[in-house]
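Structure first, commentary second.
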Amino acid sequence: MAIEIERKFLVKDTTFLAGRSGRRLAQGYLSDDGTTSVRVRLDGERGTLTVKHGRDSLGRLEFEYAIPADDARRLLAEACKGPLIDKTRFDVIVDGSHWEVDVFHGENDGLVVAEIELPAADAPYARPAWLDSEVTADPRYLNVNLARHPWKRW
């Protein structure tokens with residue numbers, strides 16, 4: 001059983017991304033009942049199907065499975081509910097801590113969020129100067145909710 005423990009922050013300054021290469025991700029949701037979501041993602045030529053379960057903003061069950069990229073494309077085009085999430089992801093290491101920084105496009109253009117996965121909720125981590133406020137407990141910033149209620153419409 002996999003538990004995802006992550007903290008999520010807004011990013012106030014993106015100048016640290018200059019010169020870095022990111023990768024474009026498209027993702028959509030096949031199902032979401034408020035407790036369990038089923039997501040399909042296309043990351044280049046890598047497709048994944050992910051099931052997340054739980055309401056705890058700091059830790060949820062997460063199961064991820066590889067699927068063919070063509071299957072992911074078809075699901076994104078035909079089966080996902082709401083607008084797709086379109087973002088560029090940057091992997092950034094700060095003092096040994098791995099951050100995923102997502103720069104959103106489309107309906108969420110202008111939103112930049114950084115996430116760090118931790119082995120425990122109280123695990124220490126390096127806090128870069130470019131972080132702004134923590135939004136871990138704010139469900140609006142979950143990607144599943146950004147697909148249904150895009151940031152530009154708040």
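The values are calculated or read from the model by the stated rules, or taken from the named source; none is laboratory data. Remember, predicted model here, so these are calculated numbers, not experimental data. Positions of Cβ are generated from backbone atoms using ideal geometry, with glycine treated the same way; all protein chains shown enter the neighbour counts.
Annotations for the structure displayed:
- Summed over the range 74-93, the residues that are more than 15 Å from Lys8 (Cα to Cα), acidic (Asp, Glu) and outside any helix (DSSP H, G or I) give a count of 1.
- Considering residues of the range 74-84 that are exposed (fewer than 15 other Cβ atoms within 10 Å of the Cβ) and not aliphatic (A, V, I, L, M) only, the residue nearest to Val51 (Cα to Cα): Lys81
- Where a residue in the range 74-89 is within 10 Å of Leu146 (Cβ to Cβ) and its partner, wherever it lies, is assigned to a helix (DSSP H, G or I) and of a type in the set (D, E, K, R), with Cβ under 7 Å and at least six apart: Gly82/Arg148; Pro83/Glu107
- Options Arg60, Arg7, Arg41, Arg55: the member that is of a type in the set (D, E, K, R), out of contact with any Cys (no Cβ under 8 Å at 6 or more places or on another chain) and over 19 Å from Ala114 (Cβ atoms): Arg55
- Enumeration of residues in the range 4-52 that are of a type in the set (Gly, Ala, Ser) and crowded, with 17+ Cβ neighbours inside 10 Å: Ala26, Gly28, Ser37, Gly47
- Looking only at the range 53-73, and only at residues there that are surrounded by 15 or more Cβ atoms within 10 Å (Cβ to Cβ) and in a strand (DSSP E or B), the one that is modelled with the highest pLDDT: Ile67
- Residue tally, condition modelled with pLDDT under 95, under 26 Å from Gly96 (Cβ atoms) and of a type in the set (A, V, I, L, M, F, W, C), over the range 124-154: 2
- Restricting Arg23, Arg7, Arg41, Arg55 to residues that are closer than 22 Å to Gly110 by Cβ and without any contact (Cβ under 8 Å) to a residue 60 or more places away in the chain narrows the list to Arg41.
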